[in-house]
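Down below is the structure, laid out as structure tokens.
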Amino acid sequence: MLLASTTRAQNYPAPAPQTFAGAIGRTAADSKPALLANARARVGAPNIVYILLDDTGFGDLHCFGSEVATPNIDGLAARGLLYNNFHSKAICSPTRGALLTGRNNHAIGLKQLAGDDEGYPHSRGRVTPAAATVAQILGANGYSTYGAGKWHLVPLADTKASGDRTHWPLQKGFHRWYGFQSGWTDQYKPDLFEDNHAIARPTKPGYHFSVDIVDQSLKYLGEHKAADAQKPFFLYLAFGATHTPIQVPRPYVDKYAETYKTGWERIREARYKRQLALGVIPPNTKLPPMNPGDPAWESLSDQERAVAARYMAAFAGFLEHTDEQIGRVVQYLKDNNLFDNTAIFLMSDNGGAPEAGVKGNFLRPYRDPTPAAEVYARLDEMGSPTTQPLYPRPWASVSSTPFPYYKLWPYAGGVQTPFILSWPSAIQKPGIRTQFVDAIDITPTVLDILGIEAPAVFNGVCQMPLHGKSIRATFDNAQAPHPRDRQYFELWGSRGIWRDGWKAVGIHTRGTSFDNDKWELYHVANDFSETTDVAARHPKKLEELKKLWWSEAEKNGALPLLEAPTARRATYDQALPKR
């Protein structure tokens, strides 16, 4: 036994010495204790709420020009700030990782979706421990941290009962968590997890996931108030809405039964006109044509038009239902005198979703072969527990009005999404803000307003610097400069780079050389909706931006360039129109 103990001592180093502020003598009489103290946030520190919508495009909210009723979100915008130049990563996990860490998605290991590891640092499908999340940082600085909804930052293999918990929400800084782990789930019978374990699917009549996660959020906040009402909190509320499956009780769908029978071209044009009238887009903005490969409404049969209109009615109802749940959170904050000193950041992770192709999906979200005739016969089931719909691709173009293309693309339709900031006690000049803002800028803004330095070391791991910059200067100054002068983009080989009002886009065709990718150039400072490719007129500017892209990609660990992984290619190809 002595030999074994000696061997163990030789093989394992002694624990690192800990800093101790007291003094240790031989007895208590000649020693000085130093009690541990929990970190406390400064008195009066605001509560922080992130509300993240899913697959909700720039033009989907009423305050961004939509015909959909979103009065609660509109109220946040009316009393706060509406940003029309906010950028995501055009796809789910990368945006979420960038939002929560304040770093570029490739640098933290999220080139693409969670769990997609292709053997390079930027494609591990996991958030590196060198990029602490906002929940981890705020938790270490006296905040209680709560999360509910969609996570999608953990490999699916790790969600099993025996799976590694390293990348689960609690290990990433949340004190409590309730929601699902993957990219999507059924809204009526979701795969649920609470804290560090799976729980049974709900069986309660009338259950809906969006209602449930708000119920849980308000429960957490109520428990928080009872335990320590003076302590500030961070709430991350990530809806499954409006991602497929588009599921919502029938009355919400029926409300919009007639709305979309005029077709996607007319709805899109009407949204564009309202955006101009609201001032959400510059007065010189042009509406680009419908995307190539997407059929004209008049080319559809009467049956196909009826089916397509019902798909979008379900989406609109789903969004209105989500707005009601957001209203419940706002009302709770008001009822408890918390609203004025709560900073709410509301945004979406990417533009409208094109993955269902031109026909749409009815019984399952991806690659569903159900013919239009069968869908027509079952129209009343659209959005019900018996279906898992995703609308036809042209509606994604409507979602992203007034921009070209949609989710997955480096064009504005994929990356430019709604963003609203509400903080009544601090925002004295509500209105529209036009500064270029990226998802990586939100967490640095939170740390700035709280006076918290990003840690150089967290849990013993050296941290990479924040890549985002605070947008605090825009709160009171509509003319404040952009927080940064550049931002790169890359997904599955297609690339983009913005700098000082210019944007270059390089589109990759799968199976071809990256050297043959076609690059386009847009002067977005004057061409908000990216309608005019000026590459031929400004070849030097294009080459300058292409060179900058390679520099930024190397700096952020975005190389080597990779195409979509084999498992994703069928869905990815379905989402891409012919060019």
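The values are calculated or read from the model by the stated rules, or taken from the named source; none is laboratory data. Being a predicted model, the structure only gives us computed values, none of them experimental. Ideal geometry is used to build each Cβ from the backbone, glycine not excepted, and the neighbour counts take in all protein chains shown.
Can you name every residue in region 464-493 that is among the small types (G, A, S) and either over 27 Å from L110 (Cβ atoms) or out of contact with any Ser or Thr (no Cβ under 9 Å at 6 or more places or on another chain) (or both)? Before the answer, list the steps.
At the first step, the residues of region 464-493 found to be among the small types (G, A, S) are 468, 470, 473, 478, 480, 493.
Selection gives A473, A478, A480.
So how many residues does region 529-561 have that are assigned to a helix (DSSP H, G or I) and either without any contact (Cβ under 8 Å) to a residue 24 or more places away in the chain or of a type in the set (K, R) (or both)?
11
Anything in region 493-528 that is of a type outside the set (G, A, S), in a strand (DSSP E or B) and within 14 Å of Y411 (Cα to Cα)? List them, or say none.
Listed by number, the residues that qualify are R495, I497, W498, W502, K503, V505, I507, K518, W519, E520, L521, Y522.
Take the residues in region 310-360 that are among the polar types (S, T, N, Q) and assigned to a strand (DSSP E or B); name whichever of them is surrounded by the most Cβ atoms within 10 Å (Cβ to Cβ).
Among residues in region 310-360 that are among the polar types (S, T, N, Q) and assigned to a strand (DSSP E or B), the one surrounded by the most Cβ atoms within 10 Å (Cβ to Cβ) is S348.
Applying the selection to region 414-461, what residues are more than 21 Å from the chain's Cα centre (by Cα) and of a type in the set (G, A, S)?
Scanning region 414-461 gives S425, A426, G431, G451, A454, A456, G460.
Let me confirm something: among G240, G222, which residue is exposed (fewer than 14 other Cβ atoms within 10 Å of the Cβ) and touching a Phe, Trp or Tyr at 6+ places or on another chain (Cβ under 9 Å)? Can you show your working first?
Values: G240 fails: exposed (fewer than 14 other Cβ atoms within 10 Å of the Cβ).
Sole residue among the options that is exposed (fewer than 14 other Cβ atoms within 10 Å of the Cβ) and touching a Phe, Trp or Tyr at 6+ places or on another chain (Cβ under 9 Å): G222.
Looking only at region 420-439, count how many residues are in contact with a helix residue (DSSP H, G or I) (Cβ under 6 Å, 6 or more places away or on another chain) and either assigned to a strand (DSSP E or B) or aliphatic (A, V, I, L, M) (or both).
Residues meeting the conditions: 4.
Just give me the residues in region 482-520 being more than 23 Å from T445 (Cβ to Cβ) and among the aromatic types (F, W, Y), in sequence order.
W492, W502, F514, W519
Which residue out of G59, G115 is closer than 18 Å to S399 by Cβ, touching a Gly at 6+ places or on another chain (Cβ under 6 Å) and in a loop (DSSP other than H, G, I, E, B)?
G59
Could you check region 361-375 and list, in sequence order, the residues that are under 25 Å from E258 (Cβ atoms), surrounded by 17 or more Cβ atoms within 10 Å (Cβ to Cβ) and either in contact with a Pro (Cβ under 8 Å, 6 or more places away or on another chain) or not β-branched (V, I, T) (or both)?
Within region 361-375, N361, F362, A372 meet the criteria.
Consider A69 carefully, then state whether it is in contact with a strand residue (DSSP E or B) (Cβ under 7 Å, 6 or more places away or on another chain) and touching a residue at least 60 places away in the same chain (Cβ under 8 Å).
no
What's the number of the condition F193 fails, among (1) buried (at least 16 other Cβ atoms within 10 Å of the Cβ); (2) not in a strand (DSSP E or B)?
All conditions pass for F193, except number (2).
Checking N105 against (1) touching a residue at least 40 places away in the same chain (Cβ under 8 Å); (2) closer than 14 Å to G468 by Cβ, which test does it fail?
Failing condition for N105: (1).
Does F403 qualify as being touching a Gly at 6+ places or on another chain (Cβ under 9 Å), of a type outside the set (K, R) and modelled with pLDDT of 95 or more?
For F403, the condition - touching a Gly at 6+ places or on another chain (Cβ under 9 Å), of a type outside the set (K, R) and modelled with pLDDT of 95 or more - is met.
Right, R393: surrounded by fewer than 24 Cβ atoms within 10 Å (Cβ to Cβ) and basic (K, R) or not?
no
For Q479, only one of the following conditions fails: (1) under 23 Å from T445 (Cβ atoms); (2) touching a residue at least 40 places away in the same chain (Cβ under 8 Å); (3) among the polar types (S, T, N, Q). What is its number?
With respect to (1) under 23 Å from T445 (Cβ atoms); (2) touching a residue at least 40 places away in the same chain (Cβ under 8 Å); (3) among the polar types (S, T, N, Q), Q479 is out only on (2).
Being surrounded by fewer than 22 Cβ atoms within 10 Å (Cβ to Cβ), within 25 Å of Y366 (Cβ to Cβ) and among the polar types (S, T, N, Q) is true for just one of T185, T166. Which residue is that?
Being surrounded by fewer than 22 Cβ atoms within 10 Å (Cβ to Cβ), within 25 Å of Y366 (Cβ to Cβ) and among the polar types (S, T, N, Q) holds for just one of T185, T166, which is T185.
Quick one: what pairs do we get from region 286-305, first residue touching a residue at least 12 places away in the same chain (Cβ under 8 Å), second surrounded by fewer than 19 Cβ atoms within 10 Å (Cβ to Cβ) and part of a helix (DSSP H, G or I), C-beta under 6 Å, 6+ apart or different chains?
Matching pairs, first to second residue: W297/E265; Q303/Y376.
Restricting attention to region 501-524, does a residue exist that is touching a His at 6+ places or on another chain (Cβ under 7 Å), on the phi > 0 side of the Ramachandran plot and touching a residue at least 12 places away in the same chain (Cβ under 8 Å)? I'd like the intermediate steps shown before the answer.
The first filter runs over region 501-524 and keeps only residues touching a His at 6+ places or on another chain (Cβ under 7 Å), leaving 501-502, 514, 517, 521.
Next cut, on the phi > 0 side of the Ramachandran plot only: 501.
If we keep only those that are touching a residue at least 12 places away in the same chain (Cβ under 8 Å) as well, we get 501.
Yes, because at least one residue in region 501-524 is touching a His at 6+ places or on another chain (Cβ under 7 Å), on the phi > 0 side of the Ramachandran plot and touching a residue at least 12 places away in the same chain (Cβ under 8 Å).
Is it the case, given these coordinates, that P483 is in contact with a helix residue (DSSP H, G or I) (Cβ under 8 Å, 6 or more places away or on another chain), more than 19 Å from P410 (Cβ to Cβ) and either not in a strand (DSSP E or B) or not polar (S, T, N, Q) (or both)?
yes
Where in region 366-419 are there helices (runs of 4 or more DSSP H), lying fully within it, with 1 or more residues that are free of Cβ contacts under 8 Å to residues at least 60 places away in the same chain?
372-377
With respect to the numbered conditions (1) over 15 Å from the mean Cα position of the chain (by Cα); (2) surrounded by fewer than 24 Cβ atoms within 10 Å (Cβ to Cβ), which one is the sole condition not fulfilled by I73?
(2)
I281 - would you say it is buried (at least 21 other Cβ atoms within 10 Å of the Cβ), over 29 Å from I344 (Cα atoms) and in contact (Cβ under 8 Å) with a residue 40 or more places away in the chain?
no
For region 37-64, give me each residue that is surrounded by fewer than 24 Cβ atoms within 10 Å (Cβ to Cβ) and either closer than 19 Å to G317 by Cα or of a type in the set (K, R) (or both).
R40, R42, L52, H62, C63
For region 154-202, give me each residue that is polar (S, T, N, Q) and either within 30 Å of F458 (Cβ to Cβ) or at pLDDT below 95 (or both).
T159, S162, T166, Q171, Q181, S182, N196
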